Every structure is written in C-alpha cells, then in structure tokens.
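This report concerns only the one structure given below.
Laboratory data are not the source of any read-out in this text; all were calculated from the coordinates shown. It should be emphasised that the depicted structure is a prediction, and the values quoted were computed from it without experimental measurement. FYI the Cβ positions are ideal-geometry reconstructions off the backbone, even for glycines, and counts take in every protein chain you see.
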C-alpha cells in the first residue's frame with residue numbers, strides 16, 4: 001500500500017483502527033498522528049506525519065513535500081502550540097517549539113538518514129523547511145476546591 005497516495009483522513013482512520021500496526025510506518029520511518037487546533041476554524045485537525053525520537057522529545061518536519069508554502073498543521077502550531085499526538089494507541093498532550101539553530105544542525109543528518117526525501121525537498125523549495133520539537137505537555141494543575 002502506498003500510504004503517500006491515500007488521503008490523510010483515511011490514513012488516520014486505518015492507523016487508529018489498527019493501533020498503528022497498519023499505516024504506522026511510511027518509507028521505513030515511524031508515523032504518528034498530530035492533532036492540532038485549526039487557527040481559523042478552531043476545529044481539531046489530524047495529520048499523519050513521520051517522526052524522529054530525540055530523547056523524550058519528538059521531532060517532526062514541516063516539509064510539505066518540498067512545496068513553497070508551509071503545511072497547514074505547522075501554521076496551526078504556530079498559532080497554538082498545544083497539540084496531541086497519537087503514538088500507536090497512546091494519546092499524549094504535547095507543546096510545540098522551534099529548535100535552536102544548533103539543534104537544527106544536529107537533527108537534520110538524523111532526519112535525512114531516516115528519510116532520504118527530505119534532502120530533495122530542501123533543494124526543491126525556496127523556503128527553509130522548519131523542524132518542530134514536540135515536548136510532553138506539563139501536567140494540568142488540579143482544580144481548586146471552592147470552600
């Protein structure tokens with residue numbers, strides 16, 4: 001099955017139904033589901049994305065397959081960095097941030113090794129392809145009792 005040619009909604013449905021056993025890898029790389037809040041609509045948006053683990057952080061690439069505009073999910077994260085990722089059957093709240101230039105230089109070789117297409121995407125586009133770091137969200141503060 002060529003996962004690249006199926007719509008994101010179908011990919012996400014198959015991923016969820018199988019707990020990531022099907023559609024949990026693309027081009028040999030692991031896939032997660034990123035749930036962002038639409039910056040214009042306020043609706044939840046789900047996007048399957050390849051990812052790289054970096055300690056307790058997750059790294060995703062706003063490549064948009066080398067297009068000259070940023071992917072919608074990236075713009076949504078810039079507007080609201082709070083998101084949720086699904087890794088298999090686990091759902092985890094995360095906060096998005098941009099890596100430092102030093103981190104970016106350190107991560108690109110690992111990302112290129114994970115998926116060789118990223119190098120051609122960077123050559124094809126006029127924009128700098130951003131990386132996004134997803135950190136576990138801090139636990140929510142317990143609600144205070146009224147008294």
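Taking the numbered list (1) in contact with a strand residue (DSSP E or B) (Cβ under 7 Å, 6 or more places away or on another chain); (2) on the phi > 0 side of the Ramachandran plot in turn, residue 88 passes all entries but (1). Answer yes or no: is there a residue in segment 44-57 that is outside any strand (DSSP E or B), more than 13 Å from the chain's Cα centre (by Cα), in contact (Cβ under 8 Å) with a residue 60 or more places away in the chain and surrounded by fewer than 20 Cβ atoms within 10 Å (Cβ to Cβ). Checking segment 44-57: at least one residue is outside any strand (DSSP E or B), more than 13 Å from the chain's Cα centre (by Cα), in contact (Cβ under 8 Å) with a residue 60 or more places away in the chain and surrounded by fewer than 20 Cβ atoms within 10 Å (Cβ to Cβ).
Search segment 9-28 for residues being under 21 Å from residue 117 (Cβ atoms) and in contact with a helix residue (DSSP H, G or I) (Cβ under 9 Å, 6 or more places away or on another chain), and hand back the single one that is surrounded by the fewest Cβ atoms within 10 Å (Cβ to Cβ). The extreme case among them is 28.
Taking (1) under 22 Å from residue 12 (Cα atoms); (2) touching a strand residue (DSSP E or B) at 6+ places or on another chain (Cβ under 6 Å); (3) surrounded by fewer than 19 Cβ atoms within 10 Å (Cβ to Cβ); (4) touching a residue at least 40 places away in the same chain (Cβ under 8 Å) in turn, residue 81 satisfies each apart from (4). Considering only residues in segment 124-133 that are within 15 Å of residue 64 (Cα to Cα) and either in contact with a strand residue (DSSP E or B) (Cβ under 6 Å, 6 or more places away or on another chain) or touching a residue at least 12 places away in the same chain (Cβ under 8 Å) (or both), the one that is surrounded by the most Cβ atoms within 10 Å (Cβ to Cβ) turns out to be 132.
Kindly indicate whether residue 17 is at negative phi and in a helix (DSSP H, G or I).
Details: at negative phi: yes; in a helix (DSSP H, G or I): yes.
Taking the combined requirement at face value, the residue satisfies it.
Taking only segment 30-43 into account, find how many residues are surrounded by fewer than 16 Cβ atoms within 10 Å (Cβ to Cβ) and at negative phi. Explain how you work it out, then say what you get.
Within segment 30-43, the first condition is being surrounded by fewer than 16 Cβ atoms within 10 Å (Cβ to Cβ), and the residues that meet it are 38-43.
Now drop any that are not at negative phi, which leaves 38-41, 43.
The number of residues fulfilling the criteria is 5.
Among the residues making up segment 84-109, those that are assigned to a strand (DSSP E or B) and out of contact with any helix residue (DSSP H, G or I) (no Cβ under 6 Å at 6 or more places or on another chain) are 84, 85, 86, 87, 90, 91, 92, 93, 94, 95, 97.
Looking only at segment 58-74, which residues are assigned to a helix (DSSP H, G or I) and out of contact with any strand residue (DSSP E or B) (no Cβ under 9 Å at 6 or more places or on another chain)?
Start the filter on segment 58-74 by keeping residues that are assigned to a helix (DSSP H, G or I), which leaves 64-66, 72-74.
64, 65, 66, listed by residue number.
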